[in-house]
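The values are calculated or read from the model by the stated rules, or taken from the named source; none is laboratory data. Not measured: the values here are computed from a predicted model. Here the Cβ is made from the backbone with ideal geometry for all residues, glycine too, and neighbour counts use every protein chain on show.
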There are 2 protein chains.
Amino acid sequence: MKTEDGKTGFRLITSTSINTGMAGVSPEKLIETDLKEGQEIKLIASGEEGVTRIIRRKMKKRTLTETEIETFISALDYGILTNSHIAAFGTAIEINGMHEKEITAVAESIIRHSKIMTHKGKEMVVDKHSIGGIAGNRITPLMIPIISSAGFKIPKVSTRAITSPAGTVDALEVVCPMDLTFEEALDVVDQTGACMVNGETVGLGAVMDKFLSVVKQIKVDPKEMMIASILAKKKAAGSQFVMIDLPTGRGSKLPLREDARRLAYDFSSIGNKLGLKVECIISPGDKPIGNMIGPALEMTEVLRILQGERGSLSLVRKALSMSGLILEGCGAANRGEGYEIASQILSSGKAFNKFKEIIEAQGGDPSVSWDSIPVAPYSHIIKAERSDIVYTLDSENIGIMARAAGAPHDKMAGVILHVDRGDEIKKGDPIIEIRAHSEGKLSDAIAIMQTTPPITLERSVLEHITGMQS
Amino acid sequence: MKTEDGKTGFRLITSTSINTGMAGVSPEKLIETDLKEGQEIKLIASGEEGVTRIIRRKMKKRTLTETEIETFISALDYGILTNSHIAAFGTAIEINGMHEKEITAVAESIIRHSKIMTHKGKEMVVDKHSIGGIAGNRITPLMIPIISSAGFKIPKVSTRAITSPAGTVDALEVVCPMDLTFEEALDVVDQTGACMVNGETVGLGAVMDKFLSVVKQIKVDPKEMMIASILAKKKAAGSQFVMIDLPTGRGSKLPLREDARRLAYDFSSIGNKLGLKVECIISPGDKPIGNMIGPALEMTEVLRILQGERGSLSLVRKALSMSGLILEGCGAANRGEGYEIASQILSSGKAFNKFKEIIEAQGGDPSVSWDSIPVAPYSHIIKAERSDIVYTLDSENIGIMARAAGAPHDKMAGVILHVDRGDEIKKGDPIIEIRAHSEGKLSDAIAIMQTTPPITLERSVLEHITGMQS
């Protein structure tokens with residue numbers, strides 16, 4: 001039996017006997033509910049026989065069936081799970097993992113419970129995704145207009161910062177509204193070929209939002225659920241080709257190259273099962289991408305690059321490399337020629353024009369320019385204590401400093417890096433500039449230099465071990 | 001530095017510099033709080049550096065230090081943990097376990113955070129505990145007056161039913177108030193040498209209540225936390241000797257005898273580290289103890305036994321065996337003679353007099369008698385469909401039937417067993433009597449016969465396997 005929304009369900013009738021295809025409930029139990037004769041109802045297994053049993057099976061490292069996974073995702077969707085159930089399931093997956101078949105089933109289930117974007121026209125629909133947390137990695141607002149200018153549809157939904165000083169939503173919000181509804185976002189794509197919006201308000205794969213908000217509390221992010229959630233959202237957005245960016249190295253979410261590679265295979269293989277062509281790049285995640293960290297500061301750097309001004313070379317190169325590989329993967333460029341085509345789209349000003357077109361369609365001001373973005377009033381410049389070589393720029397600690405300065409809540413706060421890894425610096429040279437909305441936040445950010453320094457100078461001896469640790 | 005309650009803490013002062021023994025916080029952060037100059041404050045590690053890091057370490061199967069365990073229990077005590085944190089920690093322990101040292105540290109930490117009972121007089125303080133869930137296992141109200149009559153103090157705190165049709169608190173509440181405060185319970189012990197009260201209102205080891213209520217939602221009950229919690233509560237009640245009852249067999253919490261034995265060693269060994277002498281019995285848990293199931297019905301059977309009337313032999317024997325072993329373990333009887341001494345205390349009427357003394361001290365009516373306990377008005381008797389031998393009485397399914405009839409919420413509802421395992425019965429003989437407060441509940445309970453039958457008759461062939469399962 002199907003209810004109006006196409007899901008399997010029941011209709012309530014009163015009867016003195018129970019036949020095949022019917023489920024019975026005692027009159028007393030019925031009185032406790034608000035159900036009325038003829039009303040559509042759904043049955044969800046509960047208690048030991050339902051979701052709790054499924055969670056317990058995962059605690060025992062069993063492989064869950066498609067039906068069990070659908071039951072869990074349905075229960076999430078219908079809001080009948082407590083935070084305790086969700087945290088327990090997240091913890092069990094974190095410890096015991098999931099097989100590829102299970103991850104695929106989770107993704108398929110998320111898609112079944114999601115709104116689906118259907119696009120007009122014959123353009124191929126593509127997308128990109130970066131595994132997060134690298135300070136300043138603001139490649140999305142550079143890539144979307146490039147890819148879109150090359151003739152592809154790209155319905156990009158992004159997120160706010162979780163632990164970093166700015167997410168794509170926090171940064172782009174400086175120049176246009178990001179909290180578009182599903183219908184509004186689809187209109188922008190119809191009109192311009194692309195959108196750059198907040199995934200939370202668009203609601204693709206929204207059934208996972210509750211799950212992710214709970215596991216965030218316990219600082220757990222099982223890669224299996226991340227893979228399923230990302231791919232399901234891309235599929236629900238109508239994408240056919242997805243390029244995934246996996247930053248690796250010290251301080252990133254994937255410290256070992258090997259882990260990044262394994263994740264890339266999982267993404268490709270599970271994407272394939274969902275009917276998505278997925279390619280991945282492994283990129284450097286051991287230093288920040290871009291020199292300006294914080295929502296408005298990052299937007300300033302992005303606009304400088306779009307407008308042909310000087311900007312961080314690592315940021316420009318990464319955006320062009322990844323865009324080029326997408327063009328190649330989708331047949332819009334021969335192998336090895338994508339970078340150059342992307343570069344031409346950027347330098348010709350086409351990308352900037354497309355960017356303005358998209359933000360105008362989203363309700364932003366198309367006369368935006370890098371020199372019109374404001375910056376927080378209080379500033380402090382940290383200077384080199386000696387002449388030396390910059391040995392590390394720690395993305396995570398730079399993030400901590402920018403957050404101490406007020407980002408992402410204070411849009412105009414953050415840090416500006418005046419040096420790059422390997423630079424030779426002289427005593428007294430400016431190395432980091434902090435911008436904040438108050439003296440207090442400024443001194444909070446300065447204090448970070450003592451506890452989790454974002455920058456270290458070269459030393460010949462890293463550690464000196466003289467004996468056993470007690 | 002010690003605050004008034006003896007815990008390590010700080011006092012808030014404003015200062016322009018930070019010296020040893022001081023912890024600093026920026027003026028802006030301070031304004032966000034309600035703290036005032038001179039106020040006592042406690043510092044709890046938070047975020048990644050605090051409890052979340054500890055939970056993640058257990059997810060990775062690390063052994064937690066005493067300090068980490070104290071931090072977790074403190075955070076529970078101060079109410080700063082979300083249900084998600086607690087569920088994640090419970091799940092991680094369920095999957096990865098804890099070493100004896102960790103369990104001991106949990107128990108010690110619970111004791112540090114608990115109220116402690118100090119008893120007058122020189123009598124040895126003893127206690128008993130049954131691992132729960134066996135239908136009708138109402139030995140506590142028989143054992144307490146016996147042990148107490150033998151000259152021991154026994155400050156017994158019990159619980160309500162969680163998944164069973166009646167807990168000790170639900171049953172005894174039929175004859176006296178159970179929700180006594182810590183001070184009231186201690187007064188009753190001073191006055192009569194014993195108490196039989198609700199552990200929840202007395203509040204010994206109360207720091208674990210929040211933990212247990214959360215893991216209950218996900219039907220998880222890590223044995224490590226159970227051991228720590230039970231022993232800590234006994235220690236906080238001032239006990240020196242504890243006898244623990246571990247029912248084993250199909251349908252119990254410990255299906256394998258081997259698991260019960262391992263648990264017994266854990267209880268004894270950890271008890272020893274806490275300065276408690278612990279002995280355990282492994283008892284049959286594959287059938288109900290007692291013939292009457294439900295709060296008032298169980299109280300009726302207990303009173304019949306105390307008053308010298310006929311009652312379930314398995315119930316009488318178990319209460320006397322366990323009481324006897326306590327008397328032997330505490331030196332009040334030679335080995336092998338405890339049962340007889342306990343039996344004399346019961347048959348002489350001393351135990352019933354002591355029972356009345358205790359319930360009067362708790363605010364109950366000492367003129368109570370088995371034939372004055374009311375029973376629910378609606379009844380149905382299930383009769384034997386054929387002449388045969390009773391093959392199994394399933395404790396769990398009897399519990400499900402009694403709960404369907406309304407127990408423990410409807411105090412007077414439940415089931416009465418008219419047969420025991422191995423009995424020869426004739427077609428038409430009464431086998432189970434259901435008592436309920438409404439026709440609806442009665443038919444809910446009758447329906448249990450179809451889905452999870454509490455009784456099965458003997459069959460020569462249990463299963464017939466003809467090939468591989470698909």
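A few comments on the model shown:
- Here B:Leu346, B:Leu320, B:Leu313, B:Leu303 are screened, and the one residue that is farther than 29 Å from B:Glu424 by Cα and not small (Gly, Ala, Ser) is B:Leu346.
- Residue within segment A:420-431 that is under 26 Å from the mean Cα position of the chain (by Cα), of a type in the set (A, V, I, L, M, F, W, C) and within 30 Å of A:Val175 (Cβ to Cβ) present: no
- The one condition in (1) in a loop (DSSP other than H, G, I, E, B); (2) buried (at least 24 other Cβ atoms within 10 Å of the Cβ); (3) of a type outside the set (Lys, Arg) that A:Gly308 fails to fulfil: (2)
- For segment A:341-373, filtering for residues that are under 26 Å from A:Glu184 (Cβ atoms) and small (Gly, Ala, Ser) leaves 7.
- Of residues in segment B:225-259 being more than 18 Å from B:Gly90 (Cβ to Cβ) and in contact with a Pro (Cβ under 8 Å, 6 or more places away or on another chain), the one farthest from the other protein chains (Cβ to nearest Cβ): B:Gly238
- Given (1) among the charged types (D, E, K, R); (2) under 23 Å from A:Ala404 (Cβ atoms); (3) not in a strand (DSSP E or B), index of the condition A:Lys427 fails: (2)
- Within the set B:Val214, B:Val207, the sole residue that is out of contact with any Gly (no Cβ under 6 Å at 6 or more places or on another chain), among the aliphatic types (A, V, I, L, M) and either under 21 Å from B:Lys115 (Cα atoms) or surrounded by fewer than 22 Cβ atoms within 10 Å (Cβ to Cβ) (or both) turns out to be B:Val207.
- Being of a type outside the set (A, V, I, L, M, F, W, C) and more than 14 Å from chain A (Cβ to nearest Cβ) is a property that holds for B:Thr63.
- Some residue of segment A:277-297 being in contact (Cβ under 8 Å) with a residue 40 or more places away in the chain and among the hydroxyl-bearing types (Ser, Thr, Tyr): no
- Tally, over segment B:405-430, of residues that are of a type in the set (Val, Ile, Thr) and either at pLDDT 95 or above or assigned by TED's automatic domain parsing to the domain that holds B:Thr300 (or both): 2
- Set side by side, the residues B:Lys153, B:Lys115 differ, and just one is away from chain A (no Cβ under 14 Å) and in contact with an Asp or Glu (Cβ under 9 Å, 6 or more places away or on another chain), which is B:Lys153.
- Any chance B:Met124 is in contact with a Pro (Cβ under 9 Å, 6 or more places away or on another chain), away from chain A (no Cβ under 14 Å) and surrounded by fewer than 22 Cβ atoms within 10 Å (Cβ to Cβ): no
- Among the residues of segment B:166-200, those identified as in contact with a Pro (Cβ under 6 Å, 6 or more places away or on another chain) and over 21 Å from B:Val125 (Cβ atoms) are B:Ala166, B:Asp170, B:Ala171, B:Val174.
- Considering segment B:76-112, the residues that are more than 10 Å from chain A (Cβ to nearest Cβ), touching a residue at least 60 places away in the same chain (Cβ under 8 Å) and in contact with a Leu (Cβ under 8 Å, 6 or more places away or on another chain) include one that is nearest to B:Lys235 (Cα to Cα), namely B:Ile111.
- Within segment A:415-438, residues that are under 16 Å from A:Glu298 (Cβ atoms) have Cβ atoms under 7 Å from residues that are surrounded by 16 or more Cβ atoms within 10 Å (Cβ to Cβ) and of a type in the set (S, T, N, Q) in these pairs: A:Ile416/A:Asn291; A:Leu417/A:Asn291, counting only partners at least 6 apart in sequence or on another chain.
- Checked across segment B:385-402, the condition of being closer than 18 Å to B:Ile446 by Cβ and of a type in the set (Lys, Arg) holds for no residue.
- Every test in (1) of a type outside the set (D, E, K, R); (2) modelled with pLDDT of 95 or more; (3) surrounded by 20 or more Cβ atoms within 10 Å (Cβ to Cβ) is passed by B:Leu81 save one, and that test is (2).
- From the options B:Ser283, B:Ser269, B:Ser239, residue that is surrounded by fewer than 19 Cβ atoms within 10 Å (Cβ to Cβ) and either farther than 12 Å from B:Ile131 by Cβ or polar (S, T, N, Q) (or both): B:Ser269
- Count of segment B:337-382 residues, restricted to those that are touching a Pro at 6+ places or on another chain (Cβ under 6 Å) and either aromatic (Phe, Trp, Tyr) or outside any helix (DSSP H, G or I) (or both), is 4.
- Within segment A:210-244, the residues that satisfy the criterion of being at pLDDT 95 or above, under 18 Å from A:Asn198 (Cβ atoms) and out of contact with any Lys or Arg (no Cβ under 9 Å at 6 or more places or on another chain) are A:Ser229, A:Ile230, A:Ala232, A:Lys233, A:Lys234.
- Checked against the criteria, B:Gly50 does not count as within 27 Å of B:Ala260 (Cβ to Cβ) and within 14 Å of chain A (Cβ to nearest Cβ).
- A:Asp245 being among the charged types (D, E, K, R) and within 20 Å of A:Val106 (Cβ to Cβ): no
- Count of segment B:372-430 residues, restricted to those that are of a type in the set (S, T, N, Q) and buried (at least 16 other Cβ atoms within 10 Å of the Cβ), is 3.
- First in segment A:370-397 and charged (D, E, K, R), second anywhere and not in a loop (DSSP other than H, G, I, E, B), Cβ under 6 Å, 6 or more apart: A:Lys383/A:Pro430; A:Asp388/A:Leu457
- Within segment B:431-451, tally of residues that are surrounded by 19 or more Cβ atoms within 10 Å (Cβ to Cβ) and within 13 Å of chain A (Cβ to nearest Cβ): 6
- Filtered by the rule that a residue be more than 14 Å from every other protein chain (Cβ to nearest Cβ) and closer than 17 Å to A:Leu263 by Cβ, segment A:206-224 gives a lone residue, A:Glu224.
- Of all residues in segment B:252-264, those that are outside the structural domain of B:Thr392 (by TED's automatic domain parsing) have Cβ atoms under 8 Å from Cβ atoms of residues that are assigned to a helix (DSSP H, G or I) and surrounded by 21 or more Cβ atoms within 10 Å (Cβ to Cβ), 6 or more apart or on another chain, in B:Ser252/B:Ser395; B:Leu254/B:Ala260; B:Leu254/B:Leu263; B:Leu263/B:Ile227.
- Checked against the criterion of being crowded, with 21+ Cβ neighbours inside 10 Å and among the hydroxyl-bearing types (Ser, Thr, Tyr), segment A:320-342 has at least one qualifying residue.
- Screening B:Leu442 on (1) in a helix (DSSP H, G or I); (2) free of Cβ contacts under 8 Å to residues at least 12 places away in the same chain; (3) not β-branched (Val, Ile, Thr) shows it passes everything except condition (2).
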